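Beneath this line is the structure, given in structure tokens, with notes to follow.
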Amino acid sequence: MGKTIGIDLGTTNTCVAALLNGKPFVIPSSTGTRLIPSYFAVTNDEKTLIGVRAKRQSITNPQNTIFAAKRLIGRKFDSKEVQITKGKVPYQIVEGPHGDARVVCGGKTMSIPEISAFILLEAKNVAQEFLEDDIDGACITVPAYFNETQRQATIDAAEIAGLKVLRIINEPTASALAYAQKRGKKNELIAVYDFGGGTFDISILEFGEGVYEVLSTAGNTYLGGEDIDNRLIRYILDDFKKAHDVDLMQDVMAMQRLKEAAERAKIELSSQTEATISLPFLTETSHGSIHYNTVIMRNKLEELMEDLVRQTIEICASTLEGAGLKKDDIHEVILVGGQTRAPLVIRKTAEFFGKQPNRSINPDEVVAEGASIHAYNIVSPLPSNILVDITALSLGIQTKGGMFAEVIPRNTAVPVTKTRRFTTTYDNQDAVRIAVYQGNEKIAQDNEMLGEFVLSGIRLAKKGDPNIEVSFDMNSEGILRVTAKDADMGTEQTVTLEAASGLSNDEITLMKKKMMSLELELKEQ
Amino acid sequence: MNQEEIDKLLQDGLTLYGYGKTEDAVTLWRKVLELSPRNQQALDYIESAGYAAEPQSVAAGTKEEVPKPELKEAEFVNINYIRDLLKSRRYELAYEFLERLSEKNYPSNKQITSYCALVKAQLIKLYNHELFGFKKIPKLNVNEQDLIKYNLDRTDGYIVSMIDGYSTAEEIFQTINTIDRFETMKRFYKLTKLGIVGF
């Protein structure tokens, strides 16, 4: 029997862990790093780069370096999120044959699950090499707000990478699992404050009777540690311009060095009150080379990031309010994501929640650790904790006027079955179209359409008279069965809706084959 | 005569030469001479690699039948200077000189272009050998602050910044895509000679 692993497939970094001797263990790569940057690139001479090497040339090769693919996975090209991302990244995003968002890299159009597959493949190889064993399966984490399409696209990515998915679990749930493993199980309400490289999420979980339940979740998918890096880079650029009257923005080699230096300085300032940046031969003018040396104080960084941290606290406040909870109801605050190492974040969360946040777990690794615990629990015959996940988005159908009628509200624990009654909109109507949507918008078409079918043979009657029962049955794998029934006639129609990621089965098989040959090529490199 | 095939043989020979497989390279260039006995590029490559121009199987006299292109006096002097530099293995100097000649003085002189390609291949061979086949992990021997004591430029500064302590030279070359691969090798070699980078 091989090993199981947990993978935190992040927007900016990916982390892989396994349960060893009953304890979660984050697996380092051969280079000793514990995080794999979620970057993919194709070089000028058509070499494929993944992880840290792809990141280290992201500014000098911007059109062919794909990052933050997680913001695009499982999304339609014309969706708001994709259009926003299009304006923020240097690489090209195009429409795929199924209306999905795809990227152009190295002159080729690639699907997003393919890009994520490269990152997952790297994680799998790191684990396989370290554990000296085959990987039988993995639990992969996703944000709690991911819809079924995004989850399915993540499963497709794993399949392309030759990785069997044991379960897709929500990131805050994984964090809570890791937390419970260290602290022991108590009945309590936990707030998971997750400030990562690219996104911010706050989730409220309830742990009781061996069951975890996500009560509420919210966040900002465009607020993360990289925004803080960018503030620091902007500050340095201004400082440099003032001192030397040179704009470094056009110098890609200087910008690549500056980005790395700013990230390093930010990390240093979490444990020290000042950080030195030394960049000899950063650029040159007709007068010769220019070196850059400066000391950044923690106070300065905090001044630059203060409003961003304030935004996260505002989201926390509205999430608690939305869940009908008070700050005092929260027993424990868990900090997740590298950005929570910043003293300002620790101070502000402590101030807001009125208690010191729990920092006993490495914030970069907690999600992967939790996923590895769950992966082990799935294959282990021992009794384990039960995970209860919620529907992050409401599920329902389109009604008269294009309105969205909820059948399963958001934040409902799954598995769940719910039934609502509807009726006809005109006299002698003998058929109704059931269009199933997922989302939190009031207008049906503003949400994600999952599928549609027609219930025919309805009893002919005046409008509003027939009773049409629509039942939604969602299992713990996220598969939804929708049944529409004419309660008077007994006529019934059922469909099973599995989210389509934007890739056909044939495409996935083809990509998997391609990936296997590329894997050999990568090993040879 | 298939020009495409000849060009491929010439280029493949240069690649092999760059990897230190001189005999294999010469075999390919001799194949060129079988197809095109007067091919000046092949003749120059073989000669510069220190081998006899004619293959064993070719009848004596072939060499005499191949007319050398006429060189103007200045060009002749330059070619002789290059040959001297190559004999004394001063490849970097020869390359710099050739580059200047091919860019400014004689952009269309095929003999100079051929020498340029060959010296480049010779340098790649040297860098490959001196930098351990690009397979070792380079390390910085000098503190970043002390770098300013050296006569470097922004490109050197960028290359130095890419040394991370876990990537091999080859992996670093792949990551550096704003600078030509040969230029990166050349600068890397210079940094090792200056003692800034070690293995």
In this structure, the FRET efficiency calculated for A:T425 and A:T294 from their beta-carbon separation, with R0 = 60 Å, to the nearest 0.05, is 0.30
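Quick one: if the Förster radius is 25 Å, what FRET efficiency do A:E274 and A:R347 give, using the C-beta to C-beta distance and rounding to 0.05?
Values: r = 18 Å, r/R0 = 0.73.
My answer for the efficiency is 0.85.
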Any chance you could list P(r) for the protein assembly as shown, counting all Cα-Cα pairs in 20 angstrom bins from zero, rounded to whole %? 15, 39, 28, 13, 4, 0
Starting from the stretch A:1-98, pick out the trypsin sites (Lys or Arg not before Pro) whose DSSP state is loop and whose Cβ has at most 14 other Cβ atoms within 10 Å. A:K88
Helix A:343-353 axis, angle to chain A major axis (alpha carbon atoms, nearest 10°): 30 degrees
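Averaged across A:247-253, how many Cβ atoms of other chains sit within 10 Å of each residue's Cβ atom? Before the final figure, lay out the partial values.
Working: counts 0, 0, 0, 0, 2, 3, 10.
The mean count of partner-chain Cβ atoms within 10 Å per residue comes to 2.
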So if I take the centroid of the Cα atoms in the stretch A:21-96 and the same for the stretch A:97-129, what is the distance between those two points in Å? 8 Å
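Averaged across the residues of A:276-283, what count of C-beta atoms belonging to other chains lies within 10 Å of each residue's C-beta?
Numbers: counts 2, 1, 5, 5, 15, 13, 4, 4.
Counting other chains' Cβ atoms within 10 Å and averaging over A:276-283 gives 6.
Dipole magnitude of the stretch A:391-490 about its Cα centre, charges +1 at Lys/Arg Cβ and -1 at Asp/Glu Cβ only, in debye to the nearest 20?
Numbers: 12 positive and 13 negative charges, 45 e Å.
Dipole size: approximately 220 debye.
Rank by packing, highest mean first: peptides A:426-432, A:163-169, A:410-416, with packing defined as the count of other Cβ atoms within 10 Å averaged across residues. All intermediate terms of the calculation are to be shown ahead of the outcome.
Details: A:426-432: 14.1, A:163-169: 20.6, A:410-416: 16.4.
Put in order of decreasing packing, that is A:163-169, A:410-416, A:426-432.
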Using a 7 Å offset from the Cα along the Cα-to-Cβ direction at both B:Q40 and A:L131, what is the distance between the two label points in nm, to one decimal? 6.5 nm
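Considering only DSSP states other than H, G, I, E and B, which GluC sites (Glu not before Pro) in the stretch A:394-493 qualify as loop sites with at most 14 other Cβ atoms within 10 Å? Display every interim value, and only then the final one.
Numbers: sites: A:E406, A:E441, A:E448, A:E452, A:E469, A:E477, A:E492; in loops: A:E441, A:E477.
Listed in order of number, the matching sites are A:E441, A:E477.
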Sorting A:A484, A:N428, A:L450 by the position of each Cα along the dipole of the stretch A:391-490 (Lys, Arg +1; Asp, Glu -1; all at Cβ), the one nearest the positive end of that ordering is A:N428
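Summing +1 for each Lys or Arg and -1 for each Asp or Glu, what net charge is found among the other residues whose Cβ lies under 13 Å from the Cβ of A:A323? Don't skip to the answer; put the middle values down first.
Numbers: positive: A:K326, A:K327, A:R410; negative: A:E206, A:E213, A:E321, A:D329.
Within the 13 Å Cβ shell, the charges total -1.
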Chain A, relative contact order [Cα under 8 Å, separation at least 6], %: 15 percent
Tally Lys and Arg at +1 and Asp and Glu at -1 over the other residues with C-beta under 12 Å from the C-beta of A:L237: what net charge comes out? +1
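Which whole number gives the average count of other chain Cβ atoms within 10 Å of the Cβ atoms across peptide A:25-37?
Values: counts 0, 0, 0, 0, 1, 1, 6, 2, 2, 0, 0, 0, 0.
Mean number of neighbouring Cβ atoms from other chains: 1.
Please report the relative contact order for the stretch A:416-503, taking Cα pairs under 8 Å with a sequence separation of at least 6, and give it as a percent rounded to a whole number. Don't skip to the end; give the middle numbers.
Values: 180 pairs, mean separation 26.0, N = 88.
Here the relative contact order equals 29 percent.
Explain nothing, just the number: dipole magnitude of chain A about its Cα centre with +1 on each Lys and Arg Cβ and -1 on each Asp and Glu Cβ, in debye rounded to the nearest 20.
Working: 58 positive and 71 negative charges, 90 e Å.
Approximately 440 debye in magnitude.
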In whole angstrom, how far apart do the alpha carbon centroids of the stretch B:120-199 and the stretch A:313-341 sit? 48 Å
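Here is the link list: A:K86/B:K135; A:K3/A:K80; B:K87/B:K190; A:K108/A:K241; A:K47/B:K87. Which ones come out longer than 31 Å on Cα distance? Before the final figure, lay out each step's value.
Numbers: A:K86/B:K135 39 Å; A:K3/A:K80 40 Å; B:K87/B:K190 22 Å; A:K108/A:K241 38 Å; A:K47/B:K87 37 Å.
Among A:K86/B:K135; A:K3/A:K80; B:K87/B:K190; A:K108/A:K241; A:K47/B:K87, the Cα-Cα distance tops 31 Å for A:K86/B:K135; A:K3/A:K80; A:K108/A:K241; A:K47/B:K87.
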Given R₀ = 41 Å, FRET efficiency for A:S504-B:K190 by Cβ-Cβ distance, to 0.05? 0.20
Which one of B:L147, B:I159, B:G198 is farthest out on the positive end of the charge dipole of the stretch B:132-198, using unit charges on Cβ (Lys, Arg +1; Asp, Glu -1) and the Cα centre as origin? B:G198
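Bear in mind these aren't lab numbers, they're just calculated from the coordinates by the rules spelled out. In this text the structure is predicted, and so the values were computed from the model without any measurement. Every residue, glycine as well, gets a Cβ built from its backbone with ideal geometry; the counts of neighbours run over all protein chains shown.
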